[in-house]
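Participant: Below: one structure in structure tokens.
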Amino acid sequence: MSFLKKLGESALNTASAIGAKSADLMEMGRLKLAKTQLEGKIRDGKTEIGHLAYAAYKNGTEPDRAAWQAKMQEIADLENQIGEIEEKMEQVKSKESAQPSAAPAAARFCSNCGAGQTAEAKFCTNCGAPLA
């Protein structure tokens, strides 16, 4: 295989790996943003529950249990959505770890056959020629 063809294949493989990694990073960012937004809604819901309790205390009445239960159910639903998002995040993480990383770029090339070699290599791993 010619030197240029090997170089082209290496560049293509690297570009494909980088593209897949970028897509995973974008997905992870989208999931983190969705989780943060849901956490904010949960905080708001808990604040509303506190306001309901304080308003009842201030007026000397019993809190509206139906309103409390509705808010608590809303919070439970939001927590379930966060759980689903966390599962998706784990799937993306496991997908990332399962993907082969881009092949390390060759530090140099054999002058005899053009095969890429690591910086430590003393002889070509393809043809056995000594490396300068």
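Participant: Within segment 46-54, is even one residue surrounded by 15 or more Cβ atoms within 10 Å (Cβ to Cβ) and free of Cβ contacts under 8 Å to residues at least 12 places away in the same chain?
Facilitator: No: zero hits.
Participant: Now, a different point. Kindly evaluate GLU39 against the criterion of being in contact with a helix residue (DSSP H, G or I) (Cβ under 8 Å, 6 or more places away or on another chain), surrounded by fewer than 14 Cβ atoms within 10 Å (Cβ to Cβ), outside any helix (DSSP H, G or I) and at pLDDT 90 or above. Quick ask: steps written out before the conclusion?
Facilitator: On the way: in contact with a helix residue (DSSP H, G or I) (Cβ under 8 Å, 6 or more places away or on another chain): yes; surrounded by fewer than 14 Cβ atoms within 10 Å (Cβ to Cβ): yes; outside any helix (DSSP H, G or I): no; at pLDDT 90 or above: yes.
No: the conditions fail for GLU39.
Participant: Every residue in segment 87-124 that is aliphatic (A, V, I, L, M), modelled with pLDDT under 80 and under 30 Å from ALA34 (Cα atoms), please.
Facilitator: Listed by number, the residues that qualify are ALA98, ALA102.
Participant: Could you tell me which of the residues LYS88, LYS46, LYS21 is of a type in the set (Lys, Arg) and more than 23 Å from the chain's Cα centre (by Cα)? Let's see the steps before the verdict.
Facilitator: Numbers: LYS88 fails: more than 23 Å from the chain's Cα centre (by Cα); LYS21 fails: more than 23 Å from the chain's Cα centre (by Cα).
None of the other options fit; the residue is LYS46.
Participant: Something else about it: For segment 55-73, what are the residues that are exposed (fewer than 15 other Cβ atoms within 10 Å of the Cβ) and either part of a helix (DSSP H, G or I) or touching a Gly at 6+ places or on another chain (Cβ under 9 Å) (or both)?
Facilitator: Across segment 55-73, the qualifying residues are ALA55, TYR57, LYS58, ASN59, ARG65, ALA66, ALA67, GLN69, ALA70, MET72, GLN73.
Participant: For segment 5-22, state whether one or more residues are in contact with a helix residue (DSSP H, G or I) (Cβ under 9 Å, 6 or more places away or on another chain) and either assigned by TED's automatic domain parsing to the domain that holds ALA115 or more than 30 Å from ARG108 (Cβ to Cβ) (or both).
Facilitator: no
The values are calculated or read from the model by the stated rules, or taken from the named source; none is laboratory data. Worth saying up front: this structure is predicted, and the values here are computed from it rather than measured. Every residue, glycine as well, gets a Cβ built from its backbone with ideal geometry; the counts of neighbours run over all protein chains shown.
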